[in-house]
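The next block holds one structure in the form of structure tokens; read it before the comments.
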Amino acid sequence: MKLLGMIIVAVELPLYVQILLAVLVAAAFAFVTVKYLPLKLRWLASILLLVLAVFYGNKIYSGIMEPINFNINKIKRYTPVIQNLKIIRDAQVKHYEVTGNYIDNKDSLINFINVAQLALTRTQTVMEKVRKGGGITVDVEKRVTDTIGYEPVLKYFENRDFKNMFKVPGTDKEFELEIGTVEKVQDLEVPVFRARIEKEFLLKGMKPSLVKQEIEALATDQIRGEYVLVGSLDEVTTAGNWPPFYDKKGGN
């Protein structure tokens, strides 16, 4: 019974502690077997040691594979989420190029992609004669920007499911979408936006201790913080908080 109790407690211990405990238990059991157990009963000890070896071998393997599988599965969950956040970012950027502002109305942003036109401009340098005092005329270089046409914003979203960009893939929830302003320099307010979803929600059903570690992640090759997000309400940026490998072609 005591041995069974030790095994049950060991299941909850960290992997390195379990390995050390397994070695100590095996050594103690072997010593007791050799010193006190009759020769004719030692086959029972061998079977018990085999069972313990299989049990701890499985625990060690599971302990090694658990974080590996967690990382594989979290990337599978994050990848389609990030793809939608990229569409939201690109939609907000185009809205800013056309209107000079971001927008927090989701339906209006989807409709904007469908109907808006983006101006095509051309900037060229021209020489302009300027009359100075005393009847003197000089040539002054001037840059002139002209609108030469328009193109539909929809062109930039071909083969992209922008109509469902606010839906968190695999769930019935939508991304939070907020806008605001940041003082970039004194007396200059710059529009900003942010779209995000909680990591804890995305990783629902996975091991709580590993989810907690993921929420607290600070490494440069991890998604930092408790949200997967794009943009910011605290600084002027349209970047996401995911590492570069999520931006590789195909999202692999």
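None of the figures in this text is laboratory data; all of them are computed from the coordinates on show. Since the structure is predicted, the reported quantities are computational estimates derived from the model, not experimental observations. So basically every Cβ, Gly included, is an ideal-geometry build from the backbone, and we count neighbours across all protein chains shown.
For the reader, a short list of remarks on this structure follows.
- Each residue of region 203-209 was assigned a 3J(HN,Hα) from its phi angle through the Karplus curve 6.51 cos²θ - 1.76 cosθ + 1.60 (θ = phi - 60°); the sequence is 9, 4, x, 8, 4, x, 5 Hz, with glycine and proline shown as x.
- Here the 3J(HN,Hα) profile of region 184-200, calculated from phi with Karplus coefficients 6.51, -1.76 and 1.60 at θ = phi - 60°, is 6, 10, 4, 6, 10, 8, 10, x, 9, 9, 8, 10, 7, 8, 5, 4, 4 Hz, Gly and Pro shown as x.
- 9 Å beta-carbon shell around Val190, net charge (K/R +1, D/E -1): -1
- Residues whose placed amide H lies under 5 Å from that of Val168, excluding near-sequence neighbours: Lys173, Glu174, Phe175
- Extended-chain gain in nm, criterion 0.36 nm per residue less alpha-carbon gap, Thr171 and Ile64: 35.5 nm
- Per-pair calculated FRET efficiency, R0 = 45 Å: Val115 and Asn73 via Cβ, rounded to 0.05: 0.70
- Computed extension gain for Met127 through Leu50, at 0.36 nm per residue and net of the alpha carbon distance, reaches 18.5 nm.
- Rounded, prolate or oblate (a/c below 1.5 giving rounded, otherwise prolate when a/b exceeds b/c) for region 114-252 by Cα gyration tensor: prolate
- Members of Lys106/Lys155; Lys207/Lys248; Lys76/Lys248; Lys74/Lys212 lying beyond 23 Å, as alpha-carbon distances in this model show: Lys207/Lys248
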